[in-house]
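A short worksheet on the structure shown next.
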Amino acid sequence: MPRALILVVLAVLGACAGSDRLLATHYGGRQIGAGSGQIYVAADGRVVVSLGACHQEAVEVYAGHTETKLLPCKYSRDAVHLIAPWGVDATAALADAGPDRPGALVAVLQIDWAMSGLDPLDAETWERAERPWRLEHPMLEAPVSWTPTRADLEIMAAAAGRAAGIDPVVVAGGSPPDIVVDEFSVGGGEVLAGSVSSLEVAITNRGAGDAYRLYATTRSSIPALHGLQFSFGRVPAGASVRRKLSVSVPALEESDAMVVLVFSEANQFPPRNFGKRFPLRMVSELARLAMTCTLADKAAEADAGEVVRVRCQVRNIGGRTATGVSVSVSVAGAATKSHAIDIYPQASTAFDLPVRIPSGAKIDERLALEAIATETSHGARTTAKTEITVRRPRLCPQGRLTRAQYQTKRSELEAALAAGDLTREEFDRYDEELVGCLE
């Protein structure tokens, strides 16, 4: 007797966890088995998200008995999003974990550590990554908060060091280095009191041996310029290295500032202190925002009903900290708003926001994605726009049409074609979508 599919029962199990939490979400049915998940940082700095099994259960009734099959659930290959505390969103698709863990799913996310501000030679900077991260996936009822362990932070800092060219390795013995300060300067030649200034140090190792874990800490008559760290790491013999830091200095009455570089080197071969006096200029300016927005995945097209991610780079070009900066992106009247953060003068940060293309958008329609950045302390505001083209309509949002439903929709298309509301090319593209939706 040929099989007749009588009943399909859907049950989806998704599981994900932080260090030791188990999270599960069920869609429209009973739970199948049990899942577990974890997040950990690999030795190379990539973050691995492991989710538990995700299945839909198909129950077939034929020849007087039933047979149950497990099929991949509809969410199995949706991308995982991991948002860092500094606002950058890393994404990766889920893949099978392998034969040792049948049914488990894994996503490996590449973090842009160059944007993290972590320094392998300055543990105080690690607290930026110690704040909660946010994990998002459709199998989760709500975003999951994840806090890295101390071991995770050490790996993250090492990865950030590689991105910045800071090698923290230490080797004892050998010929001594001879570190010489070639340049110690401030952008524009003066420190801006009431705004942000950029300090820069350039050094050369003129000795016969390498310098290890080399860094310089500032001492200054101005508190805001005191305790800054320029990290160099390993500096091979004959090599030159340049480092730059941005620092916010409050409004001051002083006319100048003495800043001294105090060096440290792992094998006790630090150069002598190096000091310089910089003039100060008072700047009285409120926070001001500038913003550019692009599609995060560089795509210029999307399907109706699809979710795209818009990345907005917001910069505070004023002389005061912009407090509570948030970005709202809207399309066709529907808006998505980001979390709020503070942005120092002359600093910038990236906001990644998910935006859903309207399901009723027409084929080849160009939609404007409008972004607005606002801040709470001074009322600063700026706008930006980007566009996206609808690649195809989502005529069957659920993915399936019966033959009767197809005939009804095709008749509607034929009427639109006859009325001149559709071109023949548009008709064919719509019909292609409909045929692809047939059961």
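Quick note: the coordinates plus some simple rules give every number you see, no bench work behind them. Remember, it's a predicted structure, so these values are computed and weren't measured experimentally. Cβ: placed from backbone, ideal geometry, glycine included. Neighbour counts: every protein chain shown.
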**OP:** With both partners inside the range 179-282, how many of the DSSP beta bridges are antiparallel, as a percent to the nearest 5?
**Re:** 90
**OP:** Diagonalise the Cα gyration tensor of the range 289-390 and give the resulting equivalent ellipsoid semi-axes, square root of 5 times each eigenvalue, largest first, whole Å.
**Re:** 28, 12, 10
Subject >> Most positive-pole-ward Cα, Gly209, Ala239, Ser198, against dipole of the range 179-282 from beta carbon charges >> reply: Gly209
